[in-house]
Amino acid sequence: MAATRYRRFLKLCEEWPLDQTKKGRDLGSFIRQRVAQGFREGESTQITDPEKCDRIYESLARIHSAYYKNKYPRLRNTSFTGVTVEECRMVLATDNMKQIEEMKKGMWKKLREKFTGKPEDVPKECV
């Protein structure tokens, strides 16, 4: 039975799209990582709670198939702010998020990074 569950999760992972604009923050890549952790031994993995495993799969399958989007259709494809889906995607892209974080940094932090290197290069006792 674990082999069947494993194959279902693999099929779901194959069908789930990856959003290249959200490197490190994409739901598809997170699901792939969790499946790899949950099924470390592949088809021979022993599942401790099969009911929970089935519930998780069914929930992910409903999200992937847009079950709730179809069940509860929206009149407009905008949010309460009036921003369209494409504009939201553009704002939430990893590159744009990095630019926003860079703008938030204070002057002293920018100067310190400029003269000492990247913050990862600075030993923790110096920070």
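Laboratory data are not the source of any read-out in this text; all were calculated from the coordinates shown. What you are looking at is a predicted structure, and each value in this text was computed from that prediction instead of being measured. All Cβ positions, glycine included, derive from the backbone under ideal geometry; neighbour counts span all protein chains shown.
Annotations for the structure displayed:
- Charge context of residue 22, other residues only, Cβ under 14 angstrom, K/R +1, D/E -1: +2
- If you take all other residues with their beta carbon under 12 Å from the beta carbon of residue 8, and give Lys and Arg +1 and Asp and Glu -1, the sum is -2.
- Take every pair of alpha-carbon atoms less than 8 Å apart whose residues are at least six positions apart; their mean separation over the length of the chain yields a relative contact order of 24 percent.
- Correct option for semi-axes √(5λ) of the Cα gyration tensor in Å [calculated from the coordinates] among (1) 38, 26, 11; (2) 44, 15, 11; (3) 56, 20, 9: (1)
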